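Presented below is the structure to which this report refers.
The values are calculated or read from the model by the stated rules, or taken from the named source; none is laboratory data. Keep in mind the model is a prediction, meaning the values are calculated, not measured. Using ideal geometry, Cβ is built from the backbone for each residue, glycine included, and neighbour counts are taken over all protein chains shown.
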Amino acid sequence: MKRSVLLVVLVLLTATGCNKSEDEGHGDVRYAQQITCVNNLKQIGLGLRIWQGDHGDKSPFELQIVEGGIMEKVMPKDGYRQNGYLIFQFMSNELTTPLIVICPKDKKKVVAKDWQSLTASNVSYLFPASSNVFAICPIDGNILYLDGTVEVSDGKRSQRR
């Protein structure tokens, strides 16, 4: 009896709108993909903070190659760091899988089989030549700051988390 009552309650909750409507941005694939993008950026941000902790609070592009960085290979051009995928290769010990460098909404990119084979065709995120931004998602508009926080954009407003 208790099981059937519980089952009825669960069915009623899901059928009567416990799930958010598409207008509210919940319960649909696009929202789940944006959350995954934010999660990817958060994981990248955590990896970045670990890398910075091991390198005097500097990012890989803030240190020259002789100092253990990658500055010369990712020089800014037209407002963005060139060869940004090299930053992820360089930080690969602090990152989990190449899957996290692709926004799930980006259907043009393919997942690299490993960090050594990573190229620009395997990375969605861009690296602005900014003093406080590490990476942005050109699809969702989410922003990863150098302190590891992510600004989430839903097209109407943004919120820093």
Out of the residues in segment 106-134 that are aromatic (Phe, Trp, Tyr) and in contact with a strand residue (DSSP E or B) (Cβ under 6 Å, 6 or more places away or on another chain), state the one that is nearest to residue 76 (Cα to Cα).
127
Residue by residue through segment 86-99, note down the ones that are buried (at least 17 other Cβ atoms within 10 Å of the Cβ) and within 20 Å of residue 150 (Cβ to Cβ).
87, 88, 91, 94, 95, 98
Under the condition of being out of contact with any strand residue (DSSP E or B) (no Cβ under 7 Å at 6 or more places or on another chain), in a helix (DSSP H, G or I) and among the charged types (D, E, K, R), which residue from segment 32-60 is surrounded by the fewest Cβ atoms within 10 Å (Cβ to Cβ)?
54
Pairs where the first residue, in segment 43-60, is touching a residue at least 60 places away in the same chain (Cβ under 8 Å) and the second is surrounded by fewer than 18 Cβ atoms within 10 Å (Cβ to Cβ) and in a helix (DSSP H, G or I), C-beta under 6 Å, 6+ apart
none
Let me confirm something: among 146, 99, which residue is closer than 13 Å to residue 41 by Cα, without any contact (Cβ under 8 Å) to a residue 60 or more places away in the chain and either in contact with a Cys (Cβ under 6 Å, 6 or more places away or on another chain) or hydrophobic (A, V, I, L, M, F, W, C) (or both)?
99
Can you find a residue in segment 109-116 that is among the acidic types (Asp, Glu) and assigned to a loop (DSSP other than H, G, I, E, B)?
yes
Matching residues in segment 134-161 - criterion: being part of a strand (DSSP E or B), at pLDDT 80 or above and closer than 28 Å to residue 56 by Cβ
134, 135, 136, 143, 144, 145, 150, 151
Of those in segment 61-81 that are without any contact (Cβ under 8 Å) to a residue 24 or more places away in the chain and surrounded by 15 or more Cβ atoms within 10 Å (Cβ to Cβ), the residue farthest from residue 132 (Cα to Cα) is 73
Hey, any hits in segment 121-132 for a residue that's of a type in the set (Val, Ile, Thr) and surrounded by fewer than 19 Cβ atoms within 10 Å (Cβ to Cβ)?
no
Please work out if residue 62 is more than 18 Å from residue 143 (Cα to Cα), at pLDDT below 95, out of contact with any Gly (no Cβ under 7 Å at 6 or more places or on another chain) and of a type in the set (D, E, K, R).
no
Quick one: count up the residues across segment 101-120 that are under 14 Å from the mean Cα position of the chain (by Cα) and buried (at least 21 other Cβ atoms within 10 Å of the Cβ).
3
(1) assigned to a helix (DSSP H, G or I); (2) modelled with pLDDT under 95 all hold for residue 69 apart from (1)
